[in-house]
Amino acid sequence: MREYLLTLCITAAVTYLLTGPVRKFAIVAGAMPEIRSRDVHREPTPRLGGIAMFFGLCAGLLVADKLTNLNEVFEKSNEPRALLSGAALIWLIGVLDDKFEIDALLKLGGQMIAAGVMVMQGLTILWLPVPTVGTVALTQWQGTLLTVALVVITINAVNFVDGLDGLAAGMVTIASAAFFMYTYRIWYSYGIEAAAPATLFATILMGMCLGFLPHNMHPARIFMGDSGSMLIGLVLAAGAISVTGQVDPDNLFGGSERSTVHQMVPVYIPLLMPLTIIAVPAADLVLAIVRRTWRGQSPFAADRGHLHHRLLEIGHSHSRAVLIMYFWSALIAFGALAYSVNSASMWIVLGIVFLSAIGLVLLLLPRFTPRAPRWAESFVPPRYRRRKAVAREVRPTAEEMARTDAAEPRTPVAAGAARFNGATAIGGRTRFLDRPGADGRASGPTTTASSAASSASSASSASSSASSPR
């Protein structure tokens, strides 16, 4: 455990220290895209945060390779090298997308190639634990297709959920923590060495996200971009593939396959745990595909219909929407973890139900915002205070202003006349309201002043033409 903690700390420190210089590099390189209609931030923010996260990944693997116990993972398995190869490829594709906005189909092809590279080096699903059936061995083609599909789905699920400051990094941190506890229990309690690579991947992934989070919390100073979201999605998928397809569930308990499956939930939890840690991002991904296809759009077309966008539309603040997403991710991931430890405990089920009810109340909180009594308003935040009626200034309508102008004609005065100053040459500035003009721009005092100046020039030209001989 000390070596895992050391690896986590080194990964987090390298990621944290490199994020600042990477931010300056992103600004110099011009990786600051303009604000799009679906974005929720108000100022252009640099991307390319995935560069720091990738070097954190490299540092974590390098440190683990030099440690006494974790070095056995590199000697007995080729999975860390397979992860590094696939991560490097998907990271390069993400960096190019952050800078040049490459096509979505090209990114999808790159994700499939990265998954194929990992499969070629041994990181693939060999068998699946199926309830009531037991362990089902897969052919080479079946394992390859299932591995590529799981990698692509996980990468895009994490990429889709990366829409608010600190959301993707925090949710992946929570998922990685639950996944680490599960794989460490398999490796340490049952002595299954095949679970060690997945435990190492979860540790490094936690360090990458924890090191990047201080720079990415609201208001974010830098975004991870596709170079970061696709990278952490691939690492998350690699850990799930390792523990799902490499660990034989019959080794967890004695007995036959069928009796093992019926005896305890941990036998088929390796199949469910990877799904629970990305349950919220995967649900967002499925809903986005259905929504866009129903509208006749491409499944890769961006919009503002994601779960975090809906939380903002309900009335949640930016920070509260992120915390609610954290809550549901932790509830699903750690709920599945607790159920795998002791599925016969009714207290675990009741606790999950109770926390789910709390989550529903938090989701609907803006609909039922309580108002504090008058005597307690000074002790509660402003959003819980009663709104006071503010007296609005009564301004004359356009018809009233026209009648006033007709009854009291005004003489235009030159802009340089005494006691007048430019735009206020023919009256007070408050008389002219800010209304949108014909071209959509607001016509404020400056526009009124130009109109007054043109009126003055027209009047002077008219008087000069009247006095000149025909």
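The values are calculated or read from the model by the stated rules, or taken from the named source; none is laboratory data. Keep in mind that what you see is a predicted model, and the values were worked out from it rather than measured. All accessible areas refer to the heavy atoms of the entire protein, side chains included, with ligands and DNA or RNA removed. Shrake-Rupley method; radii C 1.70, N 1.55, O 1.52, S 1.80 Å.
Only Cα sites of the stretch 6-125 enter the Debye sum here, all with the same form factor; the resulting log10 I(q)/I(0) across q = 0.23 1/Å is -1.26, listed in q order.
Send over the Kirkwood Rh of the stretch 125-237, from the inverse of the averaged 1/r over different Cα pairs, rounded to one decimal Å. All intermediate terms of the calculation are to be shown ahead of the outcome.
Working: mean 1/r = 0.0648 Å⁻¹.
It works out to 15.4 Å.
Averaged over its residues, the stretch 149-254 has an accessible area of 23 Å² per residue, based on protein heavy atoms and a 1.4 Å probe.
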